[in-house]
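Here's the structure we're looking at; comments come further down.
The values are calculated or read from the model by the stated rules, or taken from the named source; none is laboratory data. Not measured: the values here are computed from a predicted model. Every residue, glycine among them, receives a Cβ derived from its backbone with ideal geometry; neighbour counts consider all protein chains shown. We work out accessible area using only protein heavy atoms, side chains counted, and drop any ligands, DNA or RNA first. Shrake-Rupley method; radii C 1.70, N 1.55, O 1.52, S 1.80 Å.
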Amino acid sequence: MTAVDLGPAHAVLEDMAPVDHGHAIPLLQNIQESYGYLPREVLLELSSETGIPASHLFGLATFYAQFYLEEHGRHTVRVCRGTACHVRGRKIIQEAIDEELGIGPGETTEDRRFSLETVACVGTCFLAPVVMIDHDYFGNFDPKKVGEIIGGYE
Amino acid sequence: MDRALLEGDPHSVLEGMIISAYAIEATKGFIYVRAEYPIAVLHIRKAIDEAHERGLLGDNILGSGYSLDIEVREGAGAFVCGEETAMIASLEGERGMARPKPPYPAVRGYHGEPTIINNVETFANVPLIIEEGGAAFAESGTEGSKGTKIFALAGQVNNTGLVEVPMGATIREIVFGVGGGMPRNREFKAVQMGGPSGGCVPAAHLDLPIDYDSLKEVGAIMGSGGMIVMDNTTCIVDIARYFISFCAEESCGLCAPCRLGTVQLEETLNRITEGKGTLEDLDKLESLGEVVQQTSLCGLGQTAPNPVMSTLRHFRDEYLAHVVDKTCPAGVCTALLPVEATVGKEK
């Protein structure tokens, strides 16, 4: 395993100081924002810097769906599995995207270009079915346009 | 609906929070918003900065001697954190697991301090009530539920979007009036109300005036304010299975009735949609559902069986079709389709 640069972690800690137990979740969120995931070495460093037990940080990282302990793709494709999307054909969209990317939900493409996830609801039910890529919304998603839309992300 | 309020009118929510905090002399407030709503997070943060600039937040607000700080926290992807005690645990930096009530958060909440938790829409109503008075607010609505309600109308309906109506408007007025009815004139089957732990309301109750009490009577809840319209191409058993699988996945795992019960309900419904269900399974769903409702620690488990119970109550015939006749009337459950029909579905 290649050594992880702890510089960005220290920058996050400095920016948020003082970090106490109550800020453990925002801390992990900021760390993930800068690394793209939560590297093991970084969690151990955070623990020794803040005094929050490493077991607690790993406990949070495995409880909340937002956190990844493995390296993630450059872009995240989120297929909404909310009710409105479910009744308006999410399944067909999921199949089209799985096929286009060659991976299933929870997986990352080999070139680390995309990670695929499902999400409980993105709160735009009136656009159902919805897919989000990073922070972009694609409503009334047409499974025929999967290739075109995915192609816009390098 | 809450996303739209935070994105479109964040100051109404903030103002409601400031007024409410002043009323109870709270000095610290949190806005807990899902990370999946990035624009809402951005806009509420901007609104907080603007309020600070104008002296409406921070130390000594408008020279009153009262100080209040409001912090935005992004949810980290756990549905259970919508439950108030789980949300508090999350704010304290813990795994989002519910705590027994009582004590209620109003007595012992965030770090043991009295804490009031309200929904975004509730706070957004506060400035309006203060400005125009309670009587004006109570002019619309029903005996038990005053004011207006915003619904997120979606699903198999012509016009989708956010709909604000007086409490007591009927489902028919919303779905066929505002919503313009079903696409291709399909038949209305049910409207699912209140999110994953809500219930399915059938056509027989189309003229039901919606308020908190009436929804409870038909086995649904106001919940998230979601109104998902389903036509006759939706299989009600598949929908029940879909909801319970969501709650099973989102159960925090702390208490046994919810952790194990939701999975048992899911497995039973899986069997039924695969054509392997029996009549006893229907009884089992009902008795197990009741146990989970009555013995779970928090709101997630207590309401998780709602979709199963409400569909068993209103759509028993469709369950019987799956269990006895081994058919899926809506043509959704692939294991129960004749071979020719399965091929037709591929188009």
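Taking region B:313-332 as the range and being open to solvent by less than 40 Å² (accessible area, probe 1.4 Å), of a type outside the set (G, A, S), more than 16 Å from B:K284 (Cα to Cα) and within 26 Å of the chain's Cα centre (by Cα) as the test, the residues that pass are B:F315, B:E318.
The condition of being within 17 Å of the chain's Cα centre (by Cα) and either touching a residue at least 12 places away in the same chain (Cβ under 8 Å) or open to solvent by less than 30 Å² (accessible area, probe 1.4 Å) (or both) holds for B:S310. Give region B:34-55 a look and list any residue that's at the interface with chain A (Cβ under 10 Å from one of its Cβ atoms) and either buried (at least 20 other Cβ atoms within 10 Å of the Cβ) or under 18 Å from the mean Cα position of the chain (by Cα) (or both), or say none. Those that are at the interface with chain A (Cβ under 10 Å from one of its Cβ atoms) and either buried (at least 20 other Cβ atoms within 10 Å of the Cβ) or under 18 Å from the mean Cα position of the chain (by Cα) (or both): B:R34, B:A35, B:E36, B:Y37, B:A40.
Restricting attention to region A:1-20, the residues being under 16 Å from B:R95 (Cα atoms) and at pLDDT 95 or above number 0. On inspection, A:T109 fails the criterion of being under 26 Å from B:V191 (Cβ atoms) and hydroxyl-bearing (S, T, Y).
Of the residues making up region A:102-129, those that are facing chain B (nearest Cβ under 10 Å), of a type in the set (A, V, I, L, M) and over 14 Å from A:A65 (Cβ atoms) are A:L127, A:A128. Selection of region B:143-163 for residues being at negative phi and either in contact with a Lys or Arg (Cβ under 7 Å, 6 or more places away or on another chain) or open to solvent by less than 30 Å² (accessible area, probe 1.4 Å) (or both) yields B:S145, B:K149, B:I150, B:F151, B:A152, B:L153, B:A154, B:Q156, B:V157, B:V163.
Residues in region B:127-142 that are open to solvent by 30 Å² or more (accessible area, probe 1.4 Å) and either assigned to a helix (DSSP H, G or I) or in contact with a helix residue (DSSP H, G or I) (Cβ under 6 Å, 6 or more places away or on another chain) (or both): B:L128, B:I129, B:I130, B:E131, B:E132, B:G134, B:A135, B:A136, B:F137, B:A138. The single residue among A:G22, A:G59 that is touching a helix residue (DSSP H, G or I) at 6+ places or on another chain (Cβ under 9 Å) and part of a helix (DSSP H, G or I) turns out to be A:G22. One residue is enough: does region B:88-107 have a residue meeting the conditions in contact (Cβ under 8 Å) with a residue 40 or more places away in the chain, open to solvent by less than 30 Å² (accessible area, probe 1.4 Å), over 28 Å from B:C252 (Cα atoms) and not in a loop (DSSP other than H, G, I, E, B)? No: region B:88-107 contains no residue that is in contact (Cβ under 8 Å) with a residue 40 or more places away in the chain, open to solvent by less than 30 Å² (accessible area, probe 1.4 Å), over 28 Å from B:C252 (Cα atoms) and not in a loop (DSSP other than H, G, I, E, B). Considering region B:3-59, and only residues there that are assigned to a helix (DSSP H, G or I) and of a type in the set (S, T, Y), the residue that is farthest from A:F138 (Cα to Cα) turns out to be B:Y22. Among the residues making up region B:69-96, those that are farther than 16 Å from A:H23 by Cα, within 10 Å of chain A (Cβ to nearest Cβ) and of a type in the set (G, A, S) are B:G77, B:A78.
The condition of being in a helix (DSSP H, G or I) and surrounded by 18 or more Cβ atoms within 10 Å (Cβ to Cβ) does not hold for B:F176. The residue that is modelled with the highest pLDDT, counting only those in region B:196-225 that are open to solvent by 10 Å² or more (accessible area, probe 1.4 Å) and within 11 Å of chain A (Cβ to nearest Cβ), is B:P196. Would you check if B:V120 is closer than 23 Å to B:P10 by Cα and within 14 Å of chain A (Cβ to nearest Cβ)? Taking the combined requirement at face value, the residue satisfies it. The residue that is farthest from the chain's Cα centre (by Cα), counting only those in region A:62-91 that are more than 9 Å from chain B (Cβ to nearest Cβ) and in a loop (DSSP other than H, G, I, E, B), is A:G89.
Of everything in region A:93-145 that is of a type in the set (S, T, Y) and within 30 Å of B:F151 (Cα to Cα), the residue that is surrounded by the most Cβ atoms within 10 Å (Cβ to Cβ) is A:T124. Of the residues making up region A:25-54, those that are part of a helix (DSSP H, G or I), more than 12 Å from every other protein chain (Cβ to nearest Cβ) and hydroxyl-bearing (S, T, Y) are A:S34, A:Y35, A:S47, A:S48. Do the conditions hold for B:C247, that is, is it out of contact with any strand residue (DSSP E or B) (no Cβ under 7 Å at 6 or more places or on another chain), surrounded by 15 or more Cβ atoms within 10 Å (Cβ to Cβ) and either over 24 Å from A:I92 (Cα atoms) or among the charged types (D, E, K, R) (or both)? Spelling it out, it is not the case that B:C247 is out of contact with any strand residue (DSSP E or B) (no Cβ under 7 Å at 6 or more places or on another chain), surrounded by 15 or more Cβ atoms within 10 Å (Cβ to Cβ) and either over 24 Å from A:I92 (Cα atoms) or among the charged types (D, E, K, R) (or both).
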